[in-house]
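**Student:** Got a structure for you, written out below as structure tokens; questions coming shortly.
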Amino acid sequence: MSQKPPPKQFIKSPIKGTRSTIMVSSAKGGVGKSTIAVNLAFALQQLGFKIGILDADVYGPSLPKLLNIKEKPKSEDNKTIIPIEKFGAQCMSMGLLIDEQTPMMWRGPMVISAIKTMIQKVLWKDRDIIIVDMPPGTGDTQLTFVQEVKLDGSIIVSTPQDLALLDVKKGIQMFEKTGVKILGLIDNMSIFEGDDGKEYKIFGEGGVKKTAKEFNKEFLGHLPLNLDLRASADNGEPLTYSKPDHKISKLFKIIAEKIKPSFL
Ligand SMILES: Nc1ncnc2c1ncn2[C@@H]1O[C@H](COP(=O)(O)OP(=O)(O)OP(=O)(O)O)[C@@H](O)[C@H]1O
Ligand SMILES: [Mg+2]
């Protein structure tokens, strides 16, 4: 007896044009997802991978600013979109399709439709890895992605603060319920090094490592609060691209080694 095929909505496809897709997420806002997604992507590039970056934050896209992209993507047939190439990475963001100053006042179904377009209609070419920068929360964007795309895994970012970890734990459970592999947790803004040489633990200590242990996930590493990392975001040139030997870039490289796909 032949088996019935699964309902269409549960058939996950890989994103065309790439060998793997990794998400950077956190249910909490403002913890450094976009900064980490972009710097990790270029750390992977340093390891020899051909990278793509997909900014899935429809309401608050960061990629155009983080990479100082001013160009609009082109389409040859009005159906598909050609990603923008910057620093050797192929890039796509809702922020490239609309004016920087325009607020997105969209309801859920429009967001779902925009995310599906970005999943299906972008002409990625010959990529090894696409890094997806997720918006905060466990809403429409996250669900659309985990239902539609065959993902290789998700990296979860948090600060060590209890307030952040509360949301992050919900995010971990969302991925567990939807069958997405969690590649590990990153502790961002773990410490601040003052001019006096002292380390200040502004958001607390050890919380992310403890959460990783609690949920039996890998702890991928700490990233301190760092002025050069912040400035590189504002200058539109990721630190891991412009200064690969910077001490922060080296930390990204260690994380990239831990999460890199095994095919290279
Ligand atoms: N380790 C760090 N050191 C210094 N500044 C940082 C660090 N990580 C992130 N930032 C800064 O913190 C702010 C928030 O970072 P970012 O936009 O990457 O967070 P996010 O989680 O993507 O936010 P959102 O939830 O709004 O998408 C930015 O100004 C960024 O430059
Ligand atoms: Mg962001």
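Any read-out appearing in this document is the output of simple, stated calculations on the displayed coordinates, not a laboratory observation. Treat the numbers as computed from the prediction; the structure is a model and nothing was measured. Every residue, glycine as well, gets a Cβ built from its backbone with ideal geometry; the counts of neighbours run over all protein chains shown.
**Student:** Residue-wise, which Karplus ³J(HN,Hα) couplings in Hz belong to region 220-228, taking 6.51 cos²θ - 1.76 cosθ + 1.60, θ = phi - 60°, and x for glycine or proline?
**Tutor:** 8, x, 9, 10, x, 5, 9, 5, 5
**Student:** Over the chain, what is the relative contact order in whole percent, taking alpha-carbon pairs under 8 Å and six or more residues apart?
**Tutor:** After rounding, I find 27 percent.
**Student:** List the residues whose amide H sits under 5 Å from the amide H of Ile182, counting only those 5 or more places along or on another chain, with H placed 1.01 Å from N in the peptide plane.
**Tutor:** Ser154
**Student:** If each residue's Cβ is checked for other Cβ atoms within 10 Å, how do Ser262, Ser62, Ser154 rank with the fewest at the top?
**Tutor:** Result, fewest neighbours first: Ser262, Ser62, Ser154.
**Student:** Taking θ as phi - 60°, what are the ³J(HN,Hα) couplings along region 22-37 by the Karplus curve (6.51, -1.76, 1.60), each to the nearest whole Hz, with x for Gly and Pro?
**Tutor:** 10, 9, 10, 9, 5, 5, 8, x, x, 8, x, 4, 5, 4, 6, 4
**Student:** Could you list Ile155, Ile69 so that the one with the fewest beta carbons within 10 Å of its beta carbon is first and the one with the most is last?
**Tutor:** Ile69, Ile155
**Student:** Something else about it: Go through region 93-106 residue by residue and turn each phi into a ³J(HN,Hα) via Karplus (6.51, -1.76, 1.60, θ = phi - 60°); whole Hz please, and just put x for glycine and proline.
**Tutor:** Computed from phi, the couplings for region 93-106 are 7, 4, x, 8, 9, 10, 5, 4, 8, 7, x, 8, 10, 10 Hz.
**Student:** Would you kindly work out the equivalent ellipsoid of the chain from its C-alpha gyration tensor and give its semi-axes, the square roots of five times the eigenvalues, largest first in whole Å?
**Tutor:** Rounded to whole Å, the semi-axes are 29, 23, 18.
**Student:** Grab the beta carbon distance between Arg230 and Leu97, set R0 = 25 Å, and tell me the FRET efficiency rounded to 0.05.
**Tutor:** The pair Arg230/Leu97 has a calculated efficiency of 0.40.
**Student:** Please order Lys198, Lys72 by the number of other Cβ within 10 Å, starting at the fewest.
**Tutor:** Ranking Lys198, Lys72 by Cβ neighbours within 10 Å, fewest first, gives Lys198, Lys72.
**Student:** What does region 158-197 give for Rg and for Dmax, in Å, if only its C-alpha atoms count?
**Tutor:** Rg and Dmax of region 158-197, Cα atoms, are 13.9, 47 Å.
**Student:** Among the aspartates and glutamates, which fall within straight-line cross-link reach of Lys65, defined as a Cα-Cα distance under 19 Å, with same-chain neighbours fewer than 8 residues apart omitted?
**Tutor:** Output for Lys65: Asp55, Asp57, Glu85, Asp99, Glu100, Asp133, Asp228, Asp234, Glu237.
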